[in-house]
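Trainee: Before we start, here is the structure in question, set down as structure tokens.
What follows draws every value from the coordinates through simple rules; no lab data is involved. Small disclaimer: the values here were computed from a predicted structure and weren't measured. When we count neighbours, we look across all protein chains shown, and the Cβ atoms used for this are built from the backbone with ideal geometry, even at glycine.
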């Protein structure tokens, strides 16, 4: 069975009025799954279509490198409210 990994996805949202850089940390099986989740989350939050989202980098990171506080709590097994 496959093991879940943590990926950091770095990119930009390019819309006519603004460019917003983003960095998201996602738990997924493969980098492709992490990308799909990022496209989904960014698209729903910012109403951006996939062509407006530019992915710069996808990297697998260790649990010690996680910066997202919610993800840190989840990995530590703490209760998330």
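Trainee: Return the Rg/Rh value of the range 1-44, two decimal places, where both radii are evaluated on C-alpha atoms and Rh is the Kirkwood radius.
Mentor: 1.07
Trainee: Please compute the volume of the convex hull spanned by the alpha-carbon atoms of the range 5-76 and report it per residue in Å³.
Mentor: Cα convex hull per residue, to the nearest whole number: 86 Å³.
Trainee: Residue 55 label point, 7 Å along Cα→Cβ, cut-off 11 Å on backbone N: hits in the range 4-20?
Mentor: Residues 8-11 qualify, since their backbone N sits under 11 Å from the label point.
Trainee: Measure nothing but the geometry: give the 0 to 90° angle between the long axis through the Cα atoms of 31-46 and the longest principal axis through the Cα atoms of the chain, rounded to 10°.
Mentor: 60
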